[in-house]
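This report refers to the structure that appears directly beneath it.
Each reported figure results from applying straightforward, stated rules to the coordinates on display, with no laboratory input. None of these values were measured; they are calculated from a predicted model. Backbone-built Cβ (ideal geometry, glycine too); neighbour counts: all protein chains shown.
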Amino acid sequence: MDFFVGDDTGLVIDWTQMPTYNTIMSIAVGAGLIMLVLLGRDLHRNENFKPEGWALASGTFGLILTITGTHMTLTWPLATYFPFDNIIFGETSLGFGVLLLAVAFYLWKRGTALVASKDRAAEAASVAKPLGIFVLGLGLALFAIAAAGVVFQLFAAPADEPISGAFARWPWLEAIFMSGLFALIGAGAVIFPFTLSSFSSIRPLSGIAKFMGLMWGVAGIAFLLFGALNFYTHIGLILNTMN
């Protein structure tokens, strides 16, 4: 989490000018990525595929990210001192959230037809193909965010933040960690369109699809755990820096 410097008595943050909820956003992003990996696995090999359950999960995560991402994107700046957070967290969450809502809508409305298809995975891939353009664009944007995080040493936590603050003297460390997660998701997004042509329930899973699933799975677990941890660290930071 980004911060600004207070007076000689220590770090003081005016939280009325510093709203933040990238805690729940991080959990929803992580859960959404993990869900997509598991959804792909189910489409590929599970004979008892239940589209309604996946629709409910995708809709839940998508709704959280669309609402919070829209607010952060349109409220400029949401945090007065860090307008770049609107781009990094707001716009990416909005894009991912709308995609998850689209997945939920399709599975809910067309789930029965999908189950009846001779090749569920190929059918889903053919429907997702047009969205691959936007997913590719988001992947390139995530590469840009990752590069900015390293070059400008973003994401560093202040010393007043529990746990993460222990690394405040090395701002490049958290910059590399967070930028690495963005790059992992971006790499999976960039190759996403190229996995669709070979995605099938009746053929072995391609190496590129396995690689994409690995990247999204690892990044999803990391974001889920990091978001859960931030519920503690952000509460501690607020208590440590209140007037």
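Do the conditions hold for K129, that is, is it of a type in the set (K, R), assigned to a helix (DSSP H, G or I) and free of Cβ contacts under 8 Å to residues at least 24 places away in the same chain?
no
Return the residues of segment 224-236 that are surrounded by fewer than 18 Cβ atoms within 10 Å (Cβ to Cβ) and either within 17 Å of V190 (Cβ to Cβ) or within 14 Å of the chain's Cα centre (by Cα) (or both); say none if nothing qualifies.
Residues satisfying the conditions are L225, A228.
Regarding A55, is this residue of a type in the set (A, V, I, L, M) and either without any contact (Cβ under 8 Å) to a residue 12 or more places away in the chain or within 25 Å of L196 (Cα to Cα) (or both)?
The answer is yes for A55.
Within the group I202, I185, I221, I208, which residue is more than 21 Å from T20 (Cα to Cα), touching a Gly at 6+ places or on another chain (Cβ under 8 Å), surrounded by fewer than 17 Cβ atoms within 10 Å (Cβ to Cβ) and not acidic (D, E)?
I221
Do you know which residues across segment 150-169 are on the phi > 0 side of the Ramachandran plot and surrounded by fewer than 16 Cβ atoms within 10 Å (Cβ to Cβ)?
I163
Can you report the number of residues in segment 147-163 which are touching a Leu at 6+ places or on another chain (Cβ under 8 Å) and part of a helix (DSSP H, G or I)?
Here the count works out to 1.
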